[in-house]
Amino acid sequence: MIEFLNPLLWGGLAAVSAPVIIHLLHRRKVKQVDWGAMRFLLEMLAKRRRRLFLDELLLLLVRALLVGCVALAMVRPAFHHRTAENAARGITRQGRTAAVLLIDDSVSCAAGRAQPVLEAMKKLGLAYLDSLAPGDEISLVLMSQSGAPANDPLFDIEGLKAHLAGLKPSYVATDIPALLDAGMNQLKRHVNPGAELVLLTDGRKDGWRQDDKVRWDELRQRLRGPGNAALGTRQRPQVIILAPDAAALDDNLAIIDIALDRTLVAAGRPAGLRVVVANYGKQGGRQATVQAAVNGEVIGSKPAEVPAGGRQDVVFTHTFETAGSYAVQASLVNHHDLLPADDSRALSIQVEASVPVLLVDGANSPAGLQGKLGFLAAALDPDPGSPGPFKVSRISLAQFTPSLLQDYRVVALGDLPILEPAMVDALERFVVSGGGLLVGLGPDSDLALINRYWARNGEGFLPCPLQRPLSPPKPALPAAISLGHPVFSGFGSKSDEAWKAAKVRSYFKLDAAKAKGAELDVLLTMDNGDALLVERRRGLGLVTLMATSLNADWTDLPLQAAFVPLMRGVAGHLGSFVMPPRNLLPGDPIIYARVKDPSKPMSAEDPSGKPIKLTLGSWEGRTAVLSEPLMEPGVYLLHDPQLPGPIRYAVSVAPAESALLPIADREMTQSLEGGVSLFHSPTQIVANLDPARRQSVELWKWCLFGALGLMFLEGWMTRREA
Amino acid sequence: MTLLDKVHREVIERLGNLSVTARQAVESVLAGQHRSVRRGLSVEFAGHRQYQAGDDLRHLDWLVYARSDRYDIRQYEEETKLRATLILDTSGSMGYGSTRQTKLAYAQALTAALGFLMIRQGDAVGLVACDTAIRHFIPPGSTMAHLLNVLATLEQTAPGNETSLAPVLDEIAGRLNRRGLVILITDTFDDPRALLNSIQFLRHRKQEVRLFQILDPQERTFPFQGMTEFVGLEHEPRLKLDGDRVREHYRQIFQDHQQRLQSGCHAAGVQMETCWTHEELFTVLIRALAWK
């Protein structure tokens, strides 16, 4: 089978027509001559007309073939010789090898008893590199550098060996599908015909993301290539997995999470910090001491005894005295296990003096409990002017401008009859970039306008389109809530009782089917089964839709005691997301988008106090300061001269890396649907990847030889005729 | 410049400017060129010598024997007035010329020069101008007035129709009843077989034949490059050809033609001289006069 390695240059074959075009142009330039010896010309033509024609045709053919051979050489045809022996062996090296070495240098590679698993992986990688020959191309793609600009393949195998030998584990999480995908992308930069995708992994299960079937289906399809692609070509590379024997790594205690007991942390109020410790060992419980610190100051230490395969929550209580950015760090002290990287964890918390909330009231002159959002304003900020968790600003629709949005984290719309298109755009941008939006309906809401501009058939900012307003003869009652949702954190265990007296006289029936099902979260339903309160994530933000009014026009819910904790829960949840995120994974950059004056320099430092380079860029259409990827876990500080204190960013390893569960060989090969060679030891690699077993040849040299031969032939023919 | 001027320049001035030795050589070549082919009309006494066995007794001088009783053989040379016919080809192809003159112009000058030289040594010279047929015919004469008549006729000739010398030569052969010399001046762009047959016929009619082939240098080299449309001078169809590509084939055909002519002339005992129009006329004359 023949593969063309530079298919983009097929257009060069059009040059074959050049000799014909030149010939035709040449024929058009005719000069006239009076000639006496016509007799000889006529005699010559009578005798040699056919030969002249054939000579001309042959010369044209030779010239076209010459150009064609050069063009074909540039397309780089490669002939792949497939034999039954090769097929049986499973490894077919096609001429010069184009190898992409995908190295899973994730945090789990650091695990190990005598030495990290990465050392065994290196031996496999070096054995593989030994199987390559001069002229083979190789690229190195590291898990820790995914997302970095791709590099061109190298021919320096010895240099790569030295690089591989000096490799150290990173703190990033494994994502095998992403790594294979990056490998396929990198393979496009190669030109050698024999394509090999070599995955060097520690064989831990979590990184394979086997639950993500959609990604795997797409990846498998990409690895299979077109139906007629031969195995070992760049369209369908040979996949080789190099994984050391999966030793039992069952001695690992890890802090896998730090959580707050509320969505919104207010200054001066105690907050619960829940540290989750997991024991991935299989035998016996493990004892450890969990130490918690806030901004580096220890706030307490508590013992934890975690059963084998179990988890334990260790709760600390801390009062954040002032508003600002905090970092909570939890660590296992005096503890040693197979993977030290997950023995500590950090959480960035933004403590708010109050969350700025903008209420856009559908009434013309809203005041007090009047208007569309009077009850909501009273629920969130009952005593304006005094400190509270919410700082509410209430305006009418006429006062609403896009520029107002940048100062608020939560916006509530109360029964608005209409919104200008510019405002709709501004609200969509606000939500997508992390804002929280609460939409209340009512008698002034225009069904057609809302569906057309706000919902846009499920593509707008509204969680879902509306069907029609309903006024059932018997008022509906709120019935079921989504238990455990942060919105209902203010309700006790008897939450059902809180809704019994509330009646919904009118509401809009929601067309939930037109929302992308899984994204729509129904928080509160009525006794007739219709949704009353739904939530949907849009971009980085959240939108909550109340199917009825937020005042007493359609429901007496605002008159119930449950209304206050409900609305506070909703507003708190909507305002709890700090965007851009400050809790990061290794490899993520710092993104700070509240840049008010780009001319004033900001600075940042890593956990050891060393400065980090910052650049000015953009994030979701806003001016932002960005750092380079943060590769090590810990707390990073960003100093904004406009703010009194630093902003803290927490980088922690992915909890999934702590499990260290080995993946079976069968699972690995099944994930890739066969066509995979799996080696566990250098001897297996040597036995199967002997560089002498090269089965195919590149034909470009022959094309050039052919072109050279044709050039001589053309010269000879031309000289003979001259 | 008239033909007379040309003859004056090419023959009298040039030959006159030759060194004495060279001129004598030319003249000596000229002298006795036309050794008589028949006897009797003009016999010039040269002297006596002693009889030797085998001598023809008819040449014994009986008067000397009667007077002195010696056997002397009477020696003499017989010379006759040569009757030469100059046949000039005026076909269309003779109108070609890549140098400063056409082949016809060159041929006219050559004809005039030969005529002059022959009349100067007392021979009779006639002229035939022809293409497919005889266009001008002047019977042989040996006076200078006749030469002027010949030159005037030559000046009137112009390139005409196709080349077809064979029937013309056959017709001329029929008109020539006495032995003589036929000088054929042509580019020979004719069927060589028919031409050679006609020459053979002339030879059969007891005519000494000499052939001057007039050619343009480009007709040998064929220097045309790229696509060229060749327009024939004898009403042939036009041809569009790539000069570079057909050159070798053309040259081969040309060489074959020349080869055939030369071998045919050699077989017929006809002396053939190829004259290139870029050559000086007098060098051609010297070469031609050196013929044996």
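The values are calculated or read from the model by the stated rules, or taken from the named source; none is laboratory data. Here the structure is a predicted model, which is why all the values come from computation and not from measurement. A quick note on method: Cβ atoms are made from the backbone with ideal geometry, for glycine too, and the neighbour counts reach across all protein chains shown. Side chains are part of the model used for accessible areas, which takes the heavy atoms of the whole protein and leaves out ligands, DNA and RNA. Shrake-Rupley method; radii C 1.70, N 1.55, O 1.52, S 1.80 Å.
Values for this structure:
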read-out: Region B:213-228 - residue that is at pLDDT below 90 and surrounded by fewer than 17 Cβ atoms within 10 Å (Cβ to Cβ) and, of those, farthest from residue B:108 (Cα to Cα); value: B:226
read-out: Given (1) surrounded by fewer than 15 Cβ atoms within 10 Å (Cβ to Cβ); (2) in contact (Cβ under 8 Å) with a residue 12 or more places away in the chain, index of the condition residue A:633 fails; value: (1)
read-out: Close pairs (8 angstrom Cβ cut-off, 6 or more residues apart or separate chains): in contact (Cβ under 8 Å) with a residue 60 or more places away in the chain in region A:206-229, among the aromatic types (Phe, Trp, Tyr) anywhere; value: A:210/A:216
read-out: Pair list, Cβ under 7 Å, 6 or more apart: region A:459-470 residue farther than 12 Å from residue A:531 by Cβ, other residue in a loop (DSSP other than H, G, I, E, B) and of a type outside the set (Gly, Ala, Ser); value: A:465/A:511
read-out: Boolean, residue B:185 is within 13 Å of chain A (Cβ to nearest Cβ), touching a residue at least 40 places away in the same chain (Cβ under 8 Å) and of a type in the set (A, V, I, L, M); value: no
read-out: The lone exception for residue B:103 - which of (1) farther than 30 Å from residue A:38 by Cα; (2) modelled with pLDDT of 90 or more; (3) of a type in the set (Lys, Arg) it fails; value: (1)
read-out: Hits in region B:120-137 (condition: crowded, with 21+ Cβ neighbours inside 10 Å, under 21 Å from residue B:187 (Cβ atoms) and aliphatic (A, V, I, L, M)); value: B:127, B:128, B:129
read-out: Residue check for residue B:40: modelled with pLDDT of 85 or more and either small (Gly, Ala, Ser) or open to solvent by 50 Å² or more (accessible area, probe 1.4 Å) (or both); value: no
read-out: Filter result for residue A:395 (open to solvent by less than 30 Å² (accessible area, probe 1.4 Å) and closer than 30 Å to residue A:584 by Cβ); value: no
read-out: Test result for residue B:202, in contact with a Leu (Cβ under 7 Å, 6 or more places away or on another chain), open to solvent by less than 70 Å² (accessible area, probe 1.4 Å) and more than 9 Å from chain A (Cβ to nearest Cβ); value: yes
read-out: Residue count, region B:221-240 (criterion: free of Cβ contacts under 8 Å to residues at least 40 places away in the same chain and more than 7 Å from chain A (Cβ to nearest Cβ)); value: 6
read-out: Among (1) in a strand (DSSP E or B); (2) open to solvent by 20 Å² or more (accessible area, probe 1.4 Å), the one test that residue A:325 misses; value: (2)
read-out: Search result, residues across region A:10-66 that are among the β-branched types (Val, Ile, Thr), open to solvent by less than 40 Å² (accessible area, probe 1.4 Å) and either more than 10 Å from chain B (Cβ to nearest Cβ) or part of a helix (DSSP H, G or I) (or both); value: A:62
read-out: Members of region A:706-722 found to be surrounded by 13 or more Cβ atoms within 10 Å (Cβ to Cβ) and under 59 Å from the mean Cα position of the chain (by Cα), listed by number; value: A:706, A:707, A:708, A:709, A:710, A:711, A:713, A:714
read-out: Long-range neighbours under 9 Å by Cβ, at least six apart or interchain, first residue facing chain A (nearest Cβ under 9 Å) within region B:241-270, second exposed (fewer than 15 other Cβ atoms within 10 Å of the Cβ) and among the basic types (Lys, Arg); value: B:242/A:27; B:248/A:720; B:249/A:47; B:249/A:51; B:253/A:47
read-out: Some residue of region B:108-119 being within 13 Å of chain A (Cβ to nearest Cβ), open to solvent by less than 10 Å² (accessible area, probe 1.4 Å) and either touching a helix residue (DSSP H, G or I) at 6+ places or on another chain (Cβ under 7 Å) or over 18 Å from residue B:184 (Cβ atoms) (or both); value: no
read-out: Test: residue in region A:153-165 that is under 26 Å from residue A:652 (Cβ atoms) and open to solvent by 10 Å² or more (accessible area, probe 1.4 Å); value: no
read-out: Selected residue (only one of B:208, B:162 is touching a residue at least 24 places away in the same chain (Cβ under 8 Å), open to solvent by 70 Å² or more (accessible area, probe 1.4 Å) and either small (Gly, Ala, Ser) or more than 13 Å from chain A (Cβ to nearest Cβ) (or both)); value: B:208
read-out: Hits in region B:245-289 - residues which are within 18 Å of residue A:33 (Cα to Cα) and open to solvent by 50 Å² or more (accessible area, probe 1.4 Å); value: B:251
read-out: Conditions (1) open to solvent by 10 Å² or more (accessible area, probe 1.4 Å); (2) at pLDDT below 80; number of the one not met by residue A:515; value: (1)
read-out: Residue in region B:3-12 that is surrounded by 13 or more Cβ atoms within 10 Å (Cβ to Cβ), modelled with pLDDT under 65 and in contact with an Asp or Glu (Cβ under 6 Å, 6 or more places away or on another chain) present; value: yes
read-out: Selection status of residue A:580, touching a residue at least 12 places away in the same chain (Cβ under 8 Å), open to solvent by less than 60 Å² (accessible area, probe 1.4 Å), in contact with an Asp or Glu (Cβ under 9 Å, 6 or more places away or on another chain) and not hydroxyl-bearing (Ser, Thr, Tyr); value: yes
read-out: Failed condition for residue A:363, given (1) outside any strand (DSSP E or B); (2) open to solvent by 50 Å² or more (accessible area, probe 1.4 Å); value: (2)
